[in-house]
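> Have a look at this one before I ask anything.
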Amino acid sequence: MTQKDIKLFTPTTVVLLVIMAAGGLAALYRVFFGLGASTHLSNIWPWGLWISFDVLGGVALAAGGFVIAGTVYLLNWKKYKPIVRPAILNAFFGYALAATSITLDIGVPWRIWHPVVMWQVNSIMFIVAIHVVLYTTTLATESSPLIFEKLNMPRALHFVEKIMVGIVLFGVLLSTLHQSSLGAVFLIAPTKVSPLWYSSRLPYMFLVSAVMLALSMVSFETILSSRVFKHEPPRDILLGLARGSLVVTGFYLVLKLWDLITGPGIGYALNGSLVSNMYLLEMILGIILPFVLLLMNNVRTRLNGIFFVNVLVIIGTVLNRLNVGIVSMAEYNGRMGYDYFPSWMEFLVTMAMIAFAILGFKISVKYLNVLKLEH
Amino acid sequence: MSMNRRDFLKTAAAGSGILLASTVTPANASMPKELPPEAVGILYDATLCIGCKSCMVNCKTYNNVPGGALYLPGRATSYEVKPGEPYWDSATDLSSKTVNVIKVNKSGTAVNKDNNENGYSFIKQHCLHCITPACVSVCPVGALRKNPVTGVVYYEESRCIGCRYCMIGCPFNIPRYEYERAIPQVRKCQLCQHRYEEGKYSACCEFCPTGASIFGKVVDLRKEAAKRLTLKPGDVYDFPVQTVGSKEKSRRPVSKYINHVYGMKEAGGTQYLLLAGVPFDWLGFNKNISEAYLPDLTWAYIAKIPAVIAGVILVGTATWAITKNRNKDKEE
């Protein structure tokens, strides 16, 4: 399939546009009538779906950008070069999702720039804010060759390619800090976060699980786009990613089990409460099952098998972010007499963000040289 | 890739320079841990409280003026009932309109005061003004601050972006948010800081008729609290009213206390101290609150950032230098 063959106005596109329009209206409603009118947040539940899914999840889903860029430019593993561009573009959309949602989630959106000038170095939130700004800029630089190629600007293109290794190193550094700092956000609340997730290793867990998710997300995307845009999937790359997944998933599984045993103990996870069952779901669906499947040769070497594992890891890691951000506080907040379930407007805005990312990716593939398809 | 080692090092150095400049922090950046010698606070004695809620009413009245914790231009009061409704304000919990609340906990027949068996106890809930406040440490823009002299934890609305991290960070669940407004603020007790500047003190203490809430320097309040725990139930004692050094006393028999001054050690110590005749977890206080300084938990991460920066740059550069010839044969 060539770029010209990609049809923009398909039924899927129409559905995506409708979701985006509806989500846009909900976002406007939130701006004019406030968080109380549009969300189910409360004094006991100050953070909900937008923080846990859009911000924690969006940033984790964007980890493919720094993992693949680092692999290609710092480890000089050129085999993976064909997937650098889609991975970075995906990261850019992940960060756009996170940045837009946090702007809607904070009470006074037009003051979003305050942390950049009002430094408060004791605050993890300050660290997070600075990283979002710096890394979004870095991602824009990393993906700028797409634009320079399109606009036929060889000198700018040459300049960016010349400094690319430095930019990628900077991006890897920012991502290492940013992924881990999102876990560090919760260190301040030892009495609120369930011991199933709370530990001083939380920042490290976020970093490792982001790398695990990165490999699966990039692989998922590569297989999916080869189906959608009908080109031959790069088998060699996908098998390599699957081997990487096996190693990282195994490492993360050991970490999680170590954390459980040295923390609340295995019995706590099996006590049958909703919170414990959510923990088990995350563990089994997102870590244990993918690890066991990847151990099997006939899964790890077949694209269908790899694709299935990718889906499990993506669901499992996003579930982990939802668990840390929402479920982990359910027992504490429940004792205070408060429950939380997102409002339909919260869901709608989140769905619109996902629709935006999918459509944005598709448009980029059509007009920019993301997948190196024929023109 | 056409980049030589010198270009690479230049870019890496520039990048790391920017990042180092933005993350290396002065040594005193971590939070203060000592009680300021002139710090002021409140001692609440639940055994003296009669539940009249005079403190709640006057809290609202005297904080609805410029500088007050509940002030909103154009709003006369912050009562929870709608205008025209024939009810007295009946806040049952802290909210964006109530930063001080009297609650009652009952059990069984609820006839014995300050008893958790077939009894009841009042409790007064508001900001505890921690010595090392988690809310101040987590605020990304410094909208919540601690006065270095009085130790009051106060709020600067013009800085606040509304991220509500303070609400996650506070171990006592004190900060409240104006979800009902399109341009919301955080609301919490600011110890009537605006009145202290005028030579007055917290309204809840000034209008407490029994001396259940008394204002004063924290060092004096700690002494007073410790002294009360040494008294025997039934002894007659002159309880100071309004302030800890007040000449006005309320003479009455001492009730039975549990042997715990809440706020001496909780979350590293607070400037609001509480005494009661029943255990504090029975009154709804979290019994798992750590005695450690909460901001240390996040500082442990932040303090490692410079090392991470150096480590990633070193390892990244070394990896690049070692592996850059790896695929040359294949490519050429």
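The values are calculated or read from the model by the stated rules, or taken from the named source; none is laboratory data. Remember, predicted model here, so these are calculated numbers, not experimental data. Using ideal geometry, Cβ is built from the backbone for each residue, glycine included, and neighbour counts are taken over all protein chains shown.
> Suppose we filter A:326, A:306 for residues that are in contact with a Lys or Arg (Cβ under 9 Å, 6 or more places away or on another chain) and crowded, with 22+ Cβ neighbours inside 10 Å; which single one remains? Steps first, please.
On the way: A:326 fails: in contact with a Lys or Arg (Cβ under 9 Å, 6 or more places away or on another chain).
Checking each option against the conditions leaves just A:306.
> Looking for something touching a residue at least 60 places away in the same chain (Cβ under 8 Å) and assigned to a helix (DSSP H, G or I) - is there at least one such residue anywhere in segment A:155-166?
Within segment A:155-166, the subset touching a residue at least 60 places away in the same chain (Cβ under 8 Å) is A:164-165.
Subset that is assigned to a helix (DSSP H, G or I): A:164-165.
Yes: one or more hits.
> Which of the residues spanning segment A:1-18 are over 30 Å from residue A:175 (Cα atoms) and part of a helix (DSSP H, G or I)?
A:3, A:4, A:5, A:11, A:12, A:13, A:14, A:15, A:17, A:18
> Based on this model, can you work out whether residue A:177 counts as facing chain B (nearest Cβ under 7 Å), more than 19 Å from the chain's Cα centre (by Cα) and of a type outside the set (Asp, Glu)?
No.
> Name the residue that is farthest from the other protein chains (Cβ to nearest Cβ), counting only residues in segment A:28-51 that are among the aliphatic types (A, V, I, L, M) and either surrounded by fewer than 20 Cβ atoms within 10 Å (Cβ to Cβ) or part of a loop (DSSP other than H, G, I, E, B) (or both).
Within segment A:28-51, the match that is farthest from the other protein chains (Cβ to nearest Cβ) is A:28.
> OK, next. Could you run through segment A:289-329 and say how many residues are hydrophobic (A, V, I, L, M, F, W, C) and within 14 Å of another protein chain (Cβ to nearest Cβ)?
Of the residues in that region, 3 qualify.
> Sticking with this one: Taking the residues in segment A:68-79 that are assigned to a helix (DSSP H, G or I), of a type in the set (A, V, I, L, M, F, W, C) and within 13 Å of chain B (Cβ to nearest Cβ) as candidates, determine which candidate is farthest from residue A:236 (Cα to Cα).
In this case the residue turns out to be A:69.
> Is it true that some residue in segment B:314-332 is part of a helix (DSSP H, G or I), among the acidic types (Asp, Glu) and exposed (fewer than 14 other Cβ atoms within 10 Å of the Cβ)?
yes
> Sticking with this structure for a sec: Residues that are more than 25 Å from residue A:65 (Cα to Cα): list the helices (runs of 4 or more DSSP H) wholly contained in segment A:274-375 that include at least 2 such residues.
Output list reads A:274-283, A:289-295, A:297-300, A:330-335, A:344-367.
> Still on this structure: Scan segment A:194-223 residue by residue and report those that are more than 17 Å from the chain's Cα centre (by Cα) and under 18 Å from residue A:87 (Cβ atoms).
A:223
> Please work out if residue A:58 is within 28 Å of residue A:327 (Cβ to Cβ) and buried (at least 24 other Cβ atoms within 10 Å of the Cβ).
Yes.
Residues are listed down the side, and each one gets a yes or a no for (1) modelled with pLDDT of 95 or more; (2) touching a Gly at 6+ places or on another chain (Cβ under 9 Å); (3) under 21 Å from residue B:278 (Cβ atoms):
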residue	(1), (2), (3)
B:188	yes, no, no
B:191	yes, yes, no
B:196	no, no, no
B:216	yes, yes, no
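> Being farther than 14 Å from residue A:52 by Cα, crowded, with 16+ Cβ neighbours inside 10 Å, among the β-branched types (Val, Ile, Thr) and modelled with pLDDT of 90 or more is the requirement here; does residue A:314 meet it? Explain how you work it out, then say what you get.
Values: farther than 14 Å from residue A:52 by Cα: yes; crowded, with 16+ Cβ neighbours inside 10 Å: yes; among the β-branched types (Val, Ile, Thr): yes; modelled with pLDDT of 90 or more: yes.
So residue A:314 passes the test.
> Given the criterion in a loop (DSSP other than H, G, I, E, B) and surrounded by 20 or more Cβ atoms within 10 Å (Cβ to Cβ), identify the matching residue among A:218, A:172, A:193.
A:193
> Next question. Here are some conditions: (1) within 8 Å of chain B (Cβ to nearest Cβ); (2) in a helix (DSSP H, G or I). Residue A:107 meets all but one. Which one does it not meet?
Residue A:107 satisfies every listed condition except (2).
Condition check ((1) free of Cβ contacts under 8 Å to residues at least 40 places away in the same chain; (2) within 8 Å of another protein chain (Cβ to nearest Cβ); (3) buried (at least 24 other Cβ atoms within 10 Å of the Cβ)) across all residues:
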position: B:146; (1), (2), (3): no, no, no
position: B:153; (1), (2), (3): yes, no, yes
position: B:164; (1), (2), (3): yes, yes, yes
position: B:169; (1), (2), (3): no, yes, yes
position: B:179; (1), (2), (3): no, yes, no
position: B:184; (1), (2), (3): no, yes, no
position: B:189; (1), (2), (3): no, no, yes
position: B:206; (1), (2), (3): no, no, no
position: B:215; (1), (2), (3): no, no, yes
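> From the list A:148, A:159, A:93, A:126, which one is surrounded by 20 or more Cβ atoms within 10 Å (Cβ to Cβ), more than 9 Å from every other protein chain (Cβ to nearest Cβ) and aromatic (Phe, Trp, Tyr)?
Criteria check complete, one pass: A:93.
> Count, please, the residues in segment B:157-184 that happen to be under 22 Å from residue B:42 (Cα atoms) and among the charged types (D, E, K, R).
1
> So, one more: Does any residue of segment A:203-215 turn out to be in contact (Cβ under 8 Å) with a residue 60 or more places away in the chain, under 23 Å from residue B:290 (Cβ atoms), more than 9 Å from chain B (Cβ to nearest Cβ) and buried (at least 22 other Cβ atoms within 10 Å of the Cβ)?
Yes, segment A:203-215 has at least one match.
Every residue, every condition in (1) among the β-branched types (Val, Ile, Thr); (2) closer than 30 Å to residue B:134 by Cβ; (3) at pLDDT 95 or above; (4) out of contact with any helix residue (DSSP H, G or I) (no Cβ under 7 Å at 6 or more places or on another chain), yes or no:
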position	(1), (2), (3), (4)
B:220	no, yes, yes, yes
B:280	no, yes, no, yes
B:285	no, yes, no, yes
B:293	no, yes, no, no
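For every residue, the table says whether it meets (1) more than 14 Å from chain A (Cβ to nearest Cβ); (2) acidic (Asp, Glu).
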site	(1), (2)
B:236	yes, no
B:240	yes, no
B:249	yes, no
B:275	yes, no
B:296	no, yes
B:304	no, no
B:311	no, no
B:314	no, no
B:317	no, no
